[in-house]
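Undergrad: This is the structure, below, for whatever I ask next.
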Amino acid sequence: MRSWFASNLGDAMLAGESLDHIQALFLPEYEKAHHATDMAVFVRHESEGRLHCEVKVYFSPAARVVAEAVDAIPCNKPSTDGLDLLVGSQESWSVFFPERAVGSGAPRNMPGQTSDVYGEH
């Protein structure tokens, strides 16, 4: 399987602008890919025992162009623990994490989500 990519955006209190930038880079590429269900960006707040959490963003293999644009590094597929869809189709959950899609209820939504494609309000 092709590689996933990850980027640590640092302190969650300061990551908003970077998240907006990733969404702005992703959406045109997603349009070019005709809304491919295997193209998505996921996000997780991770504390790893520290007082403040950091925001880590995970790019699916099909989002490689966006990952490279933000200097993300190759990584393994993330676990679903605490993972949220930042931008892409809700169907990407079942594409990448079929174990979560079956019997575990609907994926969590990001605040303000109003359409099937995150980042479009």
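The values are calculated or read from the model by the stated rules, or taken from the named source; none is laboratory data. Just so it is clear, the structure is predicted and the values come from calculations on it, not from any experiment. In this analysis, Cβ positions are derived from the backbone assuming ideal geometry, glycine residues included, and neighbour counts consider all displayed protein chains. Ligands, DNA and RNA are excluded from the accessible area calculation, which covers all protein heavy atoms including side chains. Shrake-Rupley method; radii C 1.70, N 1.55, O 1.52, S 1.80 Å.
Undergrad: Looking at 52, 34, 45 in this structure, which one is open to solvent by 10 Å² or more (accessible area, probe 1.4 Å), farther than 27 Å from residue 14 by Cα, without any contact (Cβ under 8 Å) to a residue 60 or more places away in the chain and not in a helix (DSSP H, G or I)?
TA: On the way: 52 fails: farther than 27 Å from residue 14 by Cα; 45 fails: farther than 27 Å from residue 14 by Cα.
The match here is 34.
Undergrad: Tally up the residues in the range 27-61 that are in contact with a helix residue (DSSP H, G or I) (Cβ under 6 Å, 6 or more places away or on another chain), of a type in the set (Asp, Glu) and modelled with pLDDT under 95, please.
TA: Qualifying residue count, the range 27-61: 0.
Undergrad: Testing residue 23 on (1) open to solvent by 50 Å² or more (accessible area, probe 1.4 Å); (2) at pLDDT 95 or above, one condition comes back false. Which one is that?
TA: Only one criterion is unmet by residue 23, namely (1).
Undergrad: Right, next: Determine, yes or no, whether residue 84 is of a type in the set (Asp, Glu), open to solvent by less than 40 Å² (accessible area, probe 1.4 Å) and either under 16 Å from residue 10 (Cα atoms) or touching a residue at least 12 places away in the same chain (Cβ under 8 Å) (or both). Can you show your working first?
TA: Values: of a type in the set (Asp, Glu): yes; open to solvent by less than 40 Å² (accessible area, probe 1.4 Å): yes; either under 16 Å from residue 10 (Cα atoms) or touching a residue at least 12 places away in the same chain (Cβ under 8 Å) (or both): yes.
The answer is yes for residue 84.
Undergrad: Looking for something under 22 Å from residue 94 (Cα atoms), assigned to a loop (DSSP other than H, G, I, E, B) and open to solvent by less than 40 Å² (accessible area, probe 1.4 Å) - is there at least one such residue anywhere in the range 3-17?
TA: Of the range 3-17, the ones under 22 Å from residue 94 (Cα atoms) are 3-6.
Restricting the remaining residues to those that are assigned to a loop (DSSP other than H, G, I, E, B) gives 3.
Checking the rest, the ones that are also open to solvent by less than 40 Å² (accessible area, probe 1.4 Å) come to none.
No, because not a single residue in the range 3-17 is under 22 Å from residue 94 (Cα atoms), assigned to a loop (DSSP other than H, G, I, E, B) and open to solvent by less than 40 Å² (accessible area, probe 1.4 Å).
Undergrad: Do we have any residue at all in the range 78-85 that's at pLDDT 95 or above, over 14 Å from the mean Cα position of the chain (by Cα) and either under 17 Å from residue 30 (Cα atoms) or among the basic types (Lys, Arg) (or both)?
TA: Checked against the condition, which is being at pLDDT 95 or above, over 14 Å from the mean Cα position of the chain (by Cα) and either under 17 Å from residue 30 (Cα atoms) or among the basic types (Lys, Arg) (or both), the range 78-85 yields no hits at all.
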